[in-house]
Amino acid sequence: MDIRNSLNRNGEVSFWWKNILDRIIALVLLVLTAPLFLLIAGAWAIEALFDGECRTALFSGEERISKGEVFVLYKFNVLKRSVSAESKSLWHVRRDAKLTTRLGKVLTRFYLDELPQLLNVIAGTMSVVGPRPHAIEHNEEYCKTINSYFARHRVKPGITGWAQLCYPYGASEADAAEKLKYDLYYVKNHSLFLDLIILIGTVETVLFGKGAR
């Protein structure tokens, strides 16, 4: 069956329940993690005071695509000051211990650098659960080279997703093609129950190191 015809049964996915739940979950998480935001900001200020390589902006903004529209994805900045702007777009750079600050190593280890994306969810540019948004240059390339890659854009990108739980972290076109299979499964089978499974799996991954990244 043509994947496009199959996906069109659900059309552009933007269910009212998902939009409402996204914002409720994001607001609750922002309230619960507010002390963590303050703790991270304090640790960042202290590290910057003693290490010039850590004197960067607390937040970083990276352009991504959400259902055909460009938006700015927010993260805590984990990179050292000397890392070039061009290098920041590389997938592996945020996991490279030589390029990240001491605080950045902790944040990426527990995925805490992703917390500011709760603001993206409240703004409506992202969902809590959905395919992870790729850098624009990667997105344009894969839409040309990977069959049906465009179909993952029928839903909003998410902070966490089915592919993140089912497939290890990857930084190649081959990895992107494999992860696409899980993203398309989510697009075709999205439901409140599936979102709940993904959220539970994400909590286990963050707290206990279970599952894929």
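The values are calculated or read from the model by the stated rules, or taken from the named source; none is laboratory data. Bear in mind that the values here come from a model prediction, so they are computed numbers and not experimental data. All Cβ positions, glycine included, derive from the backbone under ideal geometry; neighbour counts span all protein chains shown. Areas reflect the complete protein model, heavy atoms only, side chains present, ligands, DNA and RNA absent. Shrake-Rupley method; radii C 1.70, N 1.55, O 1.52, S 1.80 Å.
In region 39-54, is there at least one residue being touching a strand residue (DSSP E or B) at 6+ places or on another chain (Cβ under 8 Å), at pLDDT below 90, surrounded by 14 or more Cβ atoms within 10 Å (Cβ to Cβ) and of a type in the set (Val, Ile, Thr)? No: zero hits. Annotation: of all residues in region 102-117 being open to solvent by 10 Å² or more (accessible area, probe 1.4 Å) and among the hydrophobic types (A, V, I, L, M, F, W, C), the one that is farthest from residue 29 (Cα to Cα) is 103.
Here residue 75 meets each of (1) open to solvent by 60 Å² or more (accessible area, probe 1.4 Å); (2) closer than 20 Å to residue 131 by Cα with one exception, condition (1).
Please go through region 78-90 and give me each residue that is open to solvent by 50 Å² or more (accessible area, probe 1.4 Å) and modelled with pLDDT under 75, ordered by number.
Correct list: 85, 86, 88, 90.
Scanning region 172-201 for residues that are basic (Lys, Arg) and free of Cβ contacts under 8 Å to residues at least 60 places away in the same chain gives 179, 181. Each residue in region 137-179 was checked for being open to solvent by less than 30 Å² (accessible area, probe 1.4 Å) and within 19 Å of residue 68 (Cβ to Cβ), and 12 pass.
Comparison of 149, 167 shows that the only residue that is among the hydroxyl-bearing types (Ser, Thr, Tyr) and modelled with pLDDT of 90 or more is 149. Taking residues in region 129-148 that are within 12 Å of residue 73 (Cβ to Cβ), and partners anywhere that are open to solvent by 10 Å² or more (accessible area, probe 1.4 Å) and of a type in the set (Ser, Thr, Tyr), the pairs with Cβ atoms closer than 6 Å and at least 6 places apart or on different chains are 135/89.
When region 181-204 is filtered for residues that are of a type in the set (A, V, I, L, M, F, W, C) and open to solvent by less than 10 Å² (accessible area, probe 1.4 Å), the ones remaining, listed by number, are 187, 198. Screening region 24-38 for residues that are touching a residue at least 40 places away in the same chain (Cβ under 8 Å) and loosely packed, with under 15 Cβ neighbours inside 10 Å and picking the one that is nearest to residue 139 (Cα to Cα) gives 27. For region 149-169, check the following and say yes or no: at least one residue is hydroxyl-bearing (Ser, Thr, Tyr), free of Cβ contacts under 8 Å to residues at least 60 places away in the same chain and closer than 30 Å to residue 102 by Cβ. Yes: one or more hits.
Listed conditions (1) more than 28 Å from residue 27 (Cβ to Cβ); (2) touching an Asp or Glu at 6+ places or on another chain (Cβ under 6 Å) are all met by residue 139, apart from (2).
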